1. Take segment 6-61 and flag every residue that is outside any helix (DSSP H, G or I), within 22 Å of Asn100 (Cα to Cα) and either over 18 Å from the mean Cα position of the chain (by Cα) or without any contact (Cβ under 8 Å) to a residue 12 or more places away in the chain (or both).
2. State which residue is modelled with the highest pLDDT when the search covers only segment 97-112 and only residues that are within 26 Å of Ile16 (Cβ to Cβ) and of a type in the set (S, T, N, Q).
3. Out of segment 101-132, which residues are within 30 Å of Gly13 (Cβ to Cβ) and touching a residue at least 12 places away in the same chain (Cβ under 8 Å)?
4. Which ones in segment 32-58 are buried (at least 19 other Cβ atoms within 10 Å of the Cβ) and under 22 Å from Glu95 (Cα atoms)?
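The values are calculated or read from the model by the stated rules, or taken from the named source; none is laboratory data. A quick note: this is a predicted structure, and the numbers were derived from the prediction, not measured. Because the Cβ atoms are built from the backbone with ideal geometry, glycine has one as well, and the counts that use them run over all protein chains shown.
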Amino acid sequence: MKEEPHAVDVHVGKTIRIQRLLRKVSQTELGDRVGVTFQQIQKYEKGSNRVSASMLVEIAGALNVDVRTFFDDLSTPVTANDNPAPSEEFVISREGVLLNAAFFSIKNEALRKKILKLVQAIAHTEQVDGEAAE
């Protein structure tokens, strides 16, 4: 019987995925940069295979990030049974990462605020419409 991945391994894997997607690097390309297959990168990102300290340093170098990046937000204890909220799942999804990167690439802060208000207005309208349909 296979053991569940440790929550820290899952967190590190998700962070690798986020950093890779933000840099528009494929799993194959990252694997080539660090000398492993894309399947191994997939396993690291899922947390099903632990990333050794030396490999984590290699991945950090390949993605041009500080190795400490992979441990950000780990100041609170985590357990293997911590289930991410749907919003957290979206943030780490491909679409969430790409949306976030695109949004923050908009240099005009006033325009970003207008986009945020637009999205909030659309979400509110959908909530009101959904309640009316019930």
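1. Our first condition is that a residue be outside any helix (DSSP H, G or I); within segment 6-61, this holds for 6, 23-26, 35-37, 47-52.
Filter once more, so that each one left must be within 22 Å of Asn100 (Cα to Cα): 23-26.
Hit for segment 6-61 is Lys24, nothing else.
2. Ser105
3. Once the filter is applied, which keeps residues that are within 30 Å of Gly13 (Cβ to Cβ) and touching a residue at least 12 places away in the same chain (Cβ under 8 Å), segment 101-132 yields Ala101, Phe103.
4. Listed by number, the residues that qualify are Ile41, Tyr44, Glu45, Gly47.
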